[in-house]
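One structure below.
The values are calculated or read from the model by the stated rules, or taken from the named source; none is laboratory data. Computed from a predicted model, the values in this text were never measured in an experiment. Note that each Cβ is placed from the backbone with ideal geometry, even for glycine, and that neighbours are counted across all protein chains shown. Surface areas here come from the heavy atoms of the whole protein model, side chains and all, with no ligands, DNA or RNA. Shrake-Rupley method; radii C 1.70, N 1.55, O 1.52, S 1.80 Å.
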Amino acid sequence: MHGRLKLRPPDAARRRQREEKLRHYREAMDALLGGAPPAQVLALTGSVLAANPDVGTCWNRRRRALGELGGDWVPSELALVAQCLAVNPKSYGAWHHRAWLLAQGTAAPPGGQEGLALCERLLAADPRNFHAWEHRRALLAPQDAEAELAFAGALLSRDFSNFSAWHHRLRLLGHGRGRPGALPASRVKAELELVQNAVFTDPTDQSAWVYLRCILSRAPPPPRVICVHVDREDATLAVIFSRPVKVNPECPELTATLDGSALPGPWRSAEGRPRPSHTWLCDLPAPPTESPAHLEVTWAPDSALCRVTLQPGEDEAWWQEPIVERELFWPELGVADAQVLQEQARMCQELLELEPQSRGCLLTLALLLAALEPRGRAREIREHLGTLRDADPLRAGFVADVRSRFEAALGVLGAGEGLSLSHQGLTSLPLVERMSALTRLDLSGNELRALPAPLGALRRLRELDLSGNHVTEVGVATPLPRLRLLRLDRNPIGHAPALAPLAAWPRLALLGLAETPLASAPGGPAHLAELLPGVDVTFS
């Protein structure tokens, strides 16, 4: 009998107490569901909720009964909610009921000051009670913002790792609500000083680092048209946006005209799925061949007009917005003063000498340097990202995606009609929408597992090299109207149906599949020849 865990069974009194509570609960719920009158509903639900405030049915029945009875029941209900929150401070039902009660007030919300005091008590017990934070924000008037910033600051002075308090400050300052624009310089300075105290106190905690990057940022800029491409032979107009958008086919915000006549549409996503996309396509009637064809595109939220002229004898024409360097590396950056960014970069460099493995510091410094001098500091940025990957192996995939965006942005800045991103360790291909003028793209020797979903933005691409990646199938990749050469050598493609979608690519003429499992698969080459009858497939 030695070594066995002895479990003490509940004593008879405790067992009887639990059985009695369960009996009362079942009787109360049976009465509620059986159609009890409003007054009895209040009594029954009150007894159940006082013991277990997470029974949503009781809260719903109680609100219905209160509406039927009428009278001034708000104060007593607020007291009940406070009693329930003492049992479970994170009860969704209790917090929802309190918010509903406040909405019943007319001029001034009842229980406002009591609510602030309640939230303060609960946050003193658990500073991360997000229900209390959200309710506190709902009770605040705009003029209370400074006092509330001081309240959040007092909590942070006790614990800089209180992410909820950092988030509260962001909401009070207008961040996180989709409001564009940067903070005033004086406020930015004060917030950065607070962050500096936090990161030097505990460089390993991520809360302050996230807050720092948010303070330097603003709401993402609204989507806008950055490229328009018209293809005479494909009879297609392509409109490419800075961010994915959803075009409503019934009431489109995206409109286009050909020589003054509106194109009937409909617009379709280049990804072939009804979801937000960078690229939207529209079929064209046959443009005139003896005179210039003028196309105009309007995106209603932006109201900017984009014009493209297809001259006689031309197969294609396009317009592309000039690239803003900072937007490639940190698109949400809101601080226009480079001196502020430089000061923060120096702060990170000083801290890094003391804490060389600080993950938040390494990431923030890499982003700051990319926003300031991406080409001049490229080697340093890569070193910081490499150190970050080694210091945080659990998030190696995230770091790889950050590195992929950096390398893609550098490539876009130096690209003409051709771009090589070969052997850059890319795990994804961001910024495809900024590559729409390319005719050649080399992605060989990377870590890509599929053809990028926004590939449809590459309307002019003629050569694509994906050799030496981890691609197993083409998937739902959008047909590229001008692509003639596609290299998939040294990819783990083992069966011909994985490449069947390529039959829809109108001009594909040469497909390279050297050193793929398909090359030695029985009947693989023959099957592929049947699937792609007009394509010259090479296995060498």
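Things to note:
- Selected residue (criterion: surrounded by the fewest Cβ atoms within 10 Å (Cβ to Cβ)) from residues of region 126-166 that are farther than 24 Å from residue 82 by Cα and among the acidic types (Asp, Glu): 146
- Test for residue 462: is it at pLDDT 90 or above, out of contact with any helix residue (DSSP H, G or I) (no Cβ under 8 Å at 6 or more places or on another chain) and closer than 30 Å to residue 329 by Cβ: yes
- Candidates 337, 315, filtered to the one that is of a type outside the set (A, V, I, L, M, F, W, C), closer than 25 Å to residue 225 by Cα and over 26 Å from the mean Cα position of the chain (by Cα): 315
- Inter-residue pairs, beta-carbon under 6 Å, first more than 10 Å from residue 28 (Cβ to Cβ) and in region 43-68, second open to solvent by 30 Å² or more (accessible area, probe 1.4 Å) and aromatic (Phe, Trp, Tyr), 6+ apart: 66/73
- Scanning region 25-38 for residues that are of a type in the set (Gly, Ala, Ser) and touching a helix residue (DSSP H, G or I) at 6+ places or on another chain (Cβ under 7 Å) returns 28, 31, 36.
- Of all residues in region 73-97 being part of a helix (DSSP H, G or I) and among the aromatic types (Phe, Trp, Tyr), the one that is farthest from the chain's Cα centre (by Cα): 95
- Within region 279-312, the set of residues being under 16 Å from residue 255 (Cβ atoms) and either open to solvent by 50 Å² or more (accessible area, probe 1.4 Å) or modelled with pLDDT under 90 (or both) comprises 283, 284, 285, 294, 296, 300, 301, 302, 303, 304, 305, 307.
- Filter result for residue 516 (under 38 Å from the mean Cα position of the chain (by Cα), among the β-branched types (Val, Ile, Thr) and over 20 Å from residue 422 (Cβ atoms)): no
- For residue 250, the conditions (1) in a loop (DSSP other than H, G, I, E, B); (2) charged (D, E, K, R); (3) surrounded by fewer than 17 Cβ atoms within 10 Å (Cβ to Cβ); (4) in contact with a strand residue (DSSP E or B) (Cβ under 8 Å, 6 or more places away or on another chain) are fulfilled apart from (4).
- Residue 109 vs. criteria open to solvent by 30 Å² or more (accessible area, probe 1.4 Å) and modelled with pLDDT under 90: yes
- Test for residue 498: is it under 31 Å from the mean Cα position of the chain (by Cα), among the small types (Gly, Ala, Ser) and in a loop (DSSP other than H, G, I, E, B): no
- Filtered residues of region 383-408 (kept if within 16 Å of residue 348 (Cα to Cα) and either under 25 Å from the mean Cα position of the chain (by Cα) or of a type outside the set (Asp, Glu) (or both)): 384, 385, 387, 388
- Residues (buried (at least 18 other Cβ atoms within 10 Å of the Cβ) and basic (Lys, Arg)) located in region 390-404: 403
- Per-region count, region 202-230, residues touching a Leu at 6+ places or on another chain (Cβ under 8 Å) and either of a type in the set (A, V, I, L, M, F, W, C) or in contact (Cβ under 8 Å) with a residue 60 or more places away in the chain (or both): 12
- Of the residues making up region 44-89, just one is more than 23 Å from residue 119 (Cα to Cα), open to solvent by 70 Å² or more (accessible area, probe 1.4 Å) and of a type in the set (A, V, I, L, M), namely 69.
- Restricting attention to region 180-233, the residues being open to solvent by 40 Å² or more (accessible area, probe 1.4 Å), closer than 30 Å to residue 270 by Cα and modelled with pLDDT under 90 number 6.
- Unique match (being of a type outside the set (Ser, Thr, Tyr) and in contact with a helix residue (DSSP H, G or I) (Cβ under 7 Å, 6 or more places away or on another chain)) among 61, 18, 14: 61
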